[in-house]
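Participant: First the structure, which I've put down as structure tokens, then a few questions once you've had a look.
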Number of protein chains: 2
Amino acid sequence: MSSSARFFGVTIQNRRERERAERHQLIIDAARELAEAEGWDAVTTRRLAEKVEYSQPVLYSHFKGKDAIVRAVAVQGSGELARLLRKARPSRGESRLRAAAEAYLKFARERPALYDAMFVQQVDLPWGTSEVPQELLDAFGELVAAVEPVHGERDLDALTEVFWSSLHGIATLVQGGRLRPELDDLRLDLLLGALSLTQDEDRP
Amino acid sequence: MSSSARFFGVTIQNRRERERAERHQLIIDAARELAEAEGWDAVTTRRLAEKVEYSQPVLYSHFKGKDAIVRAVAVQGSGELARLLRKARPSRGESRLRAAAEAYLKFARERPALYDAMFVQQVDLPWGTSEVPQELLDAFGELVAAVEPVHGERDLDALTEVFWSSLHGIATLVQGGRLRPELDDLRLDLLLGALSLTQDEDRP
DNA sequence: GGAAGGATCTAGCACTGCTAGCGACTAGAG
DNA sequence: CTCTAGTCGCTAGCAGTGCTAGATCCTTCC
């Protein structure tokens, strides 16, 4: 009976934890949806609490603060970006670099709020020193793989950082309406051409 | 005498307007200083009012709202960037493209708050359709001039946008601690090499 | 059934951007 | 020199923000 009590106790505790985990995810999803629908300015703790049908303090039993919620959305978004990049296989005649670039820019264009949380907002994800979320490493790894075929004698990591920076710059400046939309295609052509065709330095 | 009254009237009015203009500039300077010292989060209307030694409503007699103040700072910052780019002449053996890139990144690194107001914050400067501030046009013009010597057969405007996007991406990702500092030099070398050496497409 | 414990909510704090309305000071007319 | 207009800046306040202390209810166990 004590074992039975313990058994039920454990299983009830499991249910509790499961429900907690579900609510945790519910909050993240609600924040993402709200941000995608109305922008991050509309994501206030009150509106978020209302959307998940709990009071605000419940949010703080799951996350340390609003920043932590945004960070959780960002991590999840990174996973999605990594997934999109992984399945972005080049169609025939297209380079892998181009396929990756187009997938990246498409993501930034179609999910601006998500992209914002990941790379623009000052929500410092651990990134450098501490524990970098695996999702982010995956996403960067996909970019490395896309650059690898064209890097030639050039440093792969550095060139990937250049590639990523250029894509990020284009994504954010386009988002801010700072670049001419009619140059979108040409701009990408020039970038890809510049990055891929340069490794013939050791010519006589 | 009526002419004398009018004369004094005008000159007093002039003094008033001059003092108003000075206070206008005082507010902009205070906002910039506060942002550079403690970041834009620290720039609240109350702290700003305290710094200029007026009450908050005075700010609103000069600017439509806080956004307008940030915008004014951004415009002034653009003028400064344009000035820096203009006088960034290449030392011997250095390309003009490199000189511009280094000046741009130096500005972003040393004046992060100013750079933020100009290109990161969502403070939508008119930019596309409406009246773009001359300062911004000047800054972009300097970039065009730096790209011009290397554009070859490629579209100058589009290539300049690529150049700018890459610099902007590097600037913001470095600022966020997302890129490896030890690759700083190599990264810039790769970018400049990629952008300048590619115009030998018409080879046999 | 009653006590212990945890989960959730109400109410509130200190702050934000922004504004209505009062009060003082200035400028001009008689 | 006095009195009136009008401008100018201030005090005080509103609605909203992120976040939290304390009360309250509800479950769980003996």
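Participant: What is the extension gain from B:Asp29 to B:Arg86, computed as 0.36 nm multiplied by their sequence separation minus the C-alpha to C-alpha distance, in nm to one decimal? Before the final figure, lay out the partial values.
Facilitator: Working: separation 57, 0.36 × 57 = 20.52 nm, distance 2.29 nm.
Taking B:Asp29 through B:Arg86 to full extension adds about 18.2 nm, to one decimal.
Participant: Taking the label point 7 Å from Cα in the Cβ direction, how far apart in nm is A:Arg18 from each other copy of itself, listed shortest first?
Facilitator: Between copies, matching label points for A:Arg18 lie 8.0 nm apart.
Participant: Quote the FRET efficiency, to the nearest 0.05, computed for A:Lys106 versus A:Glu17 with a Förster distance R0 of 60 Å and r equal to the Cβ-Cβ distance. Walk me through the numbers before you get to the answer.
Facilitator: Working: r = 37 Å, r/R0 = 0.62.
The computed FRET efficiency comes out at 0.95.
Participant: Here's another thing I want to ask about it. Can you list, shortest first in nanometers, how far A:Gly93 lies from the same residue in the other copies, with each label 7 Å from Cα toward Cβ?
Facilitator: 4.6
Participant: Using each residue's phi in segment B:70-75, evaluate 6.51 cos²θ - 1.76 cosθ + 1.60 at θ = phi - 60° and report the 3J(HN,Hα) Karplus result to the nearest Hz, with x for Gly and Pro.
Facilitator: So the Karplus estimates, Gly and Pro as x, are 4, 4, 4, 4, 5, 4 Hz.
Participant: May I ask you to report, in nm to one decimal and beginning with the shortest, the distances from A:Glu36 to the same position in the other copies, taking label points 7 Å along Cα-to-Cβ?
Facilitator: Relative to the other copies, A:Glu36 has label-point distances of 4.2 nm.
Participant: Just which residue of chain A brings its Cβ nearest the axis of rotation onto chain B, and by how many angstrom, rounded whole?
Facilitator: A:Gly169, 1
Participant: Additional query: Measure nothing fancy, just the Cα-based angle from helix A:184-196's long axis to the longest principal axis of chain A, in degrees from 0 to 90, nearest 10.
Facilitator: Taking the Cα atoms of chain A, the angle to A:184-196 is about 70 degrees.
Participant: With +1 assigned to the C-beta of every Lys and Arg and -1 to the C-beta of every Asp and Glu, and no other charges, what is the dipole magnitude of segment B:17-170 about the Cα centre in debye, to the nearest 20?
Facilitator: Charge dipole, segment B:17-170, about its Cα centre: 340 debye, nearest 20.
Participant: Can you tell me the relative contact order of chain A? Whole percent, Cα pairs under 8 Å, sequence separation 6 or more. Working shown, then result.
Facilitator: Working: 152 pairs, mean separation 36.2, N = 204.
Rounded, it is 18 percent for chain A.
Participant: Taking θ = phi - 60°, what integer Hz values does the Karplus form 6.51 cos²θ - 1.76 cosθ + 1.60 yield along segment B:163-169, in sequence order, with x for Gly and Pro?
Facilitator: Result, rounded to whole Hz: 4, 4, 4, 5, 4, 5, x.
Participant: If you don't mind, there's one more thing I want to ask. Cα atoms only: what Rg and Dmax, in Å, come out for the protein assembly as shown?
Facilitator: 25.8, 110
Participant: Oh, and also: Loop by DSSP (not H, G, I, E, B), at most 15 other beta-carbon atoms within 10 Å: where is the longest site-free stretch of chain B for GluC sites (Glu not before Pro)? Could you put the intermediate results ahead of the total?
Facilitator: Details: sites that count: B:Glu53, B:Glu94, B:Glu131, B:Glu153, B:Glu201.
It works out to B:1-52.
Participant: Now a separate question. Of the candidates B:Ala100, B:Ala82, B:Ala21, which one comes out as most mobile in a Gaussian network treatment of chain B with C-alpha springs shorter than 10 Å?
Facilitator: Comparing B:Ala100, B:Ala82, B:Ala21 in the GNM, the peak value goes to B:Ala21.
Participant: Give me the extension gain from B:Glu94 to B:Val58: residue separation times 0.36 nm, minus the current Cα-Cα distance, reported in nm with one decimal.
Facilitator: Numbers: separation 36, 0.36 × 36 = 12.96 nm, distance 4.94 nm.
Residue separation times 0.36 nm, minus the Cα-Cα distance, leaves 8.0 nm.
Participant: So, one more: Which residue fluctuates the most in chain B, going by a Gaussian network model with Cα springs under 10 Å, if the choices are B:Arg71, B:Arg180, B:Arg111?
Facilitator: Comparing B:Arg71, B:Arg180, B:Arg111 in the GNM, the peak value goes to B:Arg180.
Participant: Could you give each residue of segment A:115-120 its phi-based ³J(HN,Hα) in whole Hz, using Karplus coefficients 6.51, -1.76, 1.60 with θ = phi - 60°, and x for Gly or Pro?
Facilitator: 4, 4, 4, 6, 10, 9
Participant: Between A:Asp155 and B:Ala68, what is the label-to-label distance in nm when each label sits 7 Å out along the Cα-to-Cβ direction?
Facilitator: Reported label-point gap for A:Asp155 and B:Ala68 is 4.8 nm.
Participant: Which value, in debye to the nearest 20, describes the size of the charge dipole of the protein assembly as shown about its Cα centre when Lys and Arg Cβ atoms bear +1, Asp and Glu Cβ atoms bear -1, and nothing else is charged?
Facilitator: Roughly 1440 debye for the protein assembly as shown.
All of the numbers you see were taken from the coordinates with simple rules; none came from a lab. Note that the coordinates shown come from a computational prediction; the quantities given were computed from them, not determined experimentally. So basically every Cβ, Gly included, is an ideal-geometry build from the backbone, and we count neighbours across all protein chains shown.
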